[in-house]
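The values are calculated or read from the model by the stated rules, or taken from the named source; none is laboratory data. All of these numbers come straight from a predicted model, not from anything done at the bench. Here Cβ is always computed from backbone atoms with ideal geometry, including for glycine, and neighbour counts include all displayed protein chains.
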């Protein structure tokens, strides 16, 4: 299936598509994963959505929304620093104009082929956030994720490091990660030719 992956500010997308993203997040986080997060009219929206983040939206060839991701600079409020600081175990949160946060990753894959435990669509999404990083001068992403996702990122060859030991948060074993936009990450995702270019 041909998918379209776009990253942009909220105003670059149709309002209905943004609302569908909020509904997708509610289905995945509240419905499928059972997270205890508030939903409003079947949508999952938090305060960080009001801060002008970038969004990645993934649409199938039928134009149905299949996945989303939120990308935000760390210089302002963000989930790691302000919602889950306990994952840093007393250390300062990474902050800087070259460090961005990835959050609210949600995907409905429909049983696609998998590589390293990720679907091809997920690998394409990770590739796209790395292309975005190169365009925007981002050298590191930080993210709060689960330990199973951490293992899959390592198997995929990404240059990741923990910002602290994992903790139980709700029903998930969560960990804060630094994801370097490094030669190791880029080679794992694109091969050596893309890094040299």
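Residue pairs, Cβ under 9 Å, 6 or more apart or interchain, first in region 78-95 and on the phi > 0 side of the Ramachandran plot, second assigned to a loop (DSSP other than H, G, I, E, B) and surrounded by 18 or more Cβ atoms within 10 Å (Cβ to Cβ). List them.
Taking only residues 6 or more apart or on different chains, the pairs are 89/163.
On the given criteria, is residue 121 touching a residue at least 24 places away in the same chain (Cβ under 8 Å), assigned to a helix (DSSP H, G or I), out of contact with any strand residue (DSSP E or B) (no Cβ under 7 Å at 6 or more places or on another chain) and at negative phi?
Judged against the criteria, residue 121 is not a match.
State whether one or more residues within region 5-20 are in a helix (DSSP H, G or I) and closer than 21 Å to residue 130 by Cβ.
Looking for residues that are in a helix (DSSP H, G or I) and closer than 21 Å to residue 130 by Cβ, one finds at least one in region 5-20, hence yes.
Of the residues that make up region 84-92, is at least one over 16 Å from residue 24 (Cα atoms), in a strand (DSSP E or B) and at pLDDT 95 or above?
no
Could you tell me whether residue 22 is touching a strand residue (DSSP E or B) at 6+ places or on another chain (Cβ under 6 Å) and without any contact (Cβ under 8 Å) to a residue 40 or more places away in the chain?
yes
Scan 153, 158 and give me the residue that is without any contact (Cβ under 8 Å) to a residue 40 or more places away in the chain, surrounded by 20 or more Cβ atoms within 10 Å (Cβ to Cβ) and not in a helix (DSSP H, G or I).
When all the criteria are applied, what remains is 158.
Name the residues in region 61-75 that are in a loop (DSSP other than H, G, I, E, B) and either at pLDDT 90 or above or crowded, with 19+ Cβ neighbours inside 10 Å (or both), would you?
64, 74, 75 - these are the residues of region 61-75 that are in a loop (DSSP other than H, G, I, E, B) and either at pLDDT 90 or above or crowded, with 19+ Cβ neighbours inside 10 Å (or both).
Working only within region 86-113, note down all residues that are buried (at least 16 other Cβ atoms within 10 Å of the Cβ) and either more than 16 Å from the chain's Cα centre (by Cα) or within 22 Å of residue 135 (Cα to Cα) (or both).
87, 88, 93, 94, 99, 100, 101, 102, 103, 104, 105
So in region 175-197, with the set limited to residues that are outside any helix (DSSP H, G or I) and modelled with pLDDT under 95, which one is farthest from residue 97 (Cα to Cα)?
Filtering first and then ranking leaves 191.
Residue 172 versus (1) at pLDDT below 95; (2) surrounded by 20 or more Cβ atoms within 10 Å (Cβ to Cβ); (3) touching a strand residue (DSSP E or B) at 6+ places or on another chain (Cβ under 8 Å): which is the lone unmet condition?
So the condition that residue 172 fails would be (2).
Under 7 Å between Cβ atoms, which residue pairs at least 6 apart in sequence (or on different chains) link something in region 38-58 that is on the phi > 0 side of the Ramachandran plot with a partner that is surrounded by 13 or more Cβ atoms within 10 Å (Cβ to Cβ)?
Partner pairs satisfying both residue conditions: 42/23; 42/26.
Out of 58, 37, 45, I need the residue that is closer than 30 Å to residue 135 by Cβ, touching a helix residue (DSSP H, G or I) at 6+ places or on another chain (Cβ under 7 Å) and part of a loop (DSSP other than H, G, I, E, B). Which one?
Exactly one residue qualifies, and that residue is 45.
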